[in-house]
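Data block below; observations after.
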Amino acid sequence: MRVVFIILMILTALLIAILAALNNELVTVSYIFGQIEVTLFTVILGATGAGILIMIFFMIYRSIHNYIKSESERNLKKELQRKVKHLENENKKLESELEKLQKEREKAAAQTQAELESEKRKLEEELNRQRRERENITAQEQAELEAEKEKLEKELMKQQEHQVKQAQQTQGASETQGKPEVPKKKGFWDFLKR
């Protein structure tokens, strides 16, 4: 862009110089304090020079303005880069804390799992122990019931034998007395024997 601007300036200066050389008549220039007669060539060159000076001042102002603007942009860019670095550092710190918390959580979960497994084993052992105790108690009670049953059966047998003996004695006595024979009563335990 600057190269194009410089080429245009050179072409414009050449064109003005050619026009000024072709116009060398005298002209009267009036200004506040008086008048002056100069050639048209001098007037054209003076106006061009004044235009060039105005453009130079404008360009100086513009370059200073651009420099100040670019300086503020550079400062803003530095500030933003500093903030980005700060945020990146904070992000790294938070990520490391997150990793640390995740490891702690995993460790706590593993520890809790181990504790639960241990508690489960203890409860299973306690349950098995109680089951064995119940089985032992049931077996003991069963054995006691069997022993009681045998004892009762023996007593029943004795009672039946005793009843049979009594019946035989009564039958022998009734035969002798001529009484009819009384049928034998069946007991409760006779029903169970069948």
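Coordinate-derived values only; no laboratory data. All figures in this text were calculated on a predicted structure; none of them were measured in a lab. When we count neighbours, we look across all protein chains shown, and the Cβ atoms used for this are built from the backbone with ideal geometry, even at glycine.
Applying 1/(1 + (r/R0)^6) with r as the Cβ-Cβ distance of residue 102 and residue 123 and R0 = 35 angstrom yields a FRET efficiency of 0.70. Overall shape: prolate for region 2-111, with the ratio a/c of the largest to smallest alpha carbon gyration tensor axis at 1.5 or above and a/b above b/c. Just to be sure I understand, if you calculate log10 I(q)/I(0) by the Debye sum over Cα atoms at q = 0.11, 0.13, 0.14, 0.15 Å⁻¹ for this structure, which of (1) -0.93, -1.03, -1.08, -1.12; (2) -0.53, -0.74, -0.84, -0.95; (3) -0.46, -0.66, -0.78, -0.91 do you get? From the options (1) -0.93, -1.03, -1.08, -1.12; (2) -0.53, -0.74, -0.84, -0.95; (3) -0.46, -0.66, -0.78, -0.91, the structure gives (1). The slack between residue 39 and residue 8, meaning 0.36 nm per residue of separation minus the straight C-alpha distance, is 8.5 nm. So how tilted is helix 2-22 from the main axis of the chain? Cα-based, degrees 0 to 90, rounded to 10. So the helix axis and the longest Cα principal axis differ by about 20 degrees. Once the Cβ-Cβ distance of residue 163 and residue 132 is raised to the sixth power relative to R0 = 41 Å, the FRET efficiency obtained is 0.35. Can you give the FRET efficiency to the nearest 0.05 for residue 77 and residue 55, using r as the Cβ-Cβ distance and R₀ = 35 Å? In this case the efficiency is close to 0.65.
Amide hydrogen proximity for residue 39: with H placed 1.01 Å from N in the peptide plane, the residues at 5 or more positions away or on another chain lying under 5 Å are 27. The long axis of helix 40-177 is offset from the longest Cα principal axis of the chain by roughly 0 degrees.
The longest stretch of the chain left intact once loop-based GluC sites (Glu not before Pro) with at most 12 other Cβ atoms within 10 Å are removed from consideration, loops following DSSP, is 26-180. Helix-only arithmetic for the chain: the sum of -39500 (n - 2.57) across DSSP H runs with n ≥ 4, divided by the residue total, places the mean residue ellipticity at 222 nm at -32000 deg cm²/dmol.
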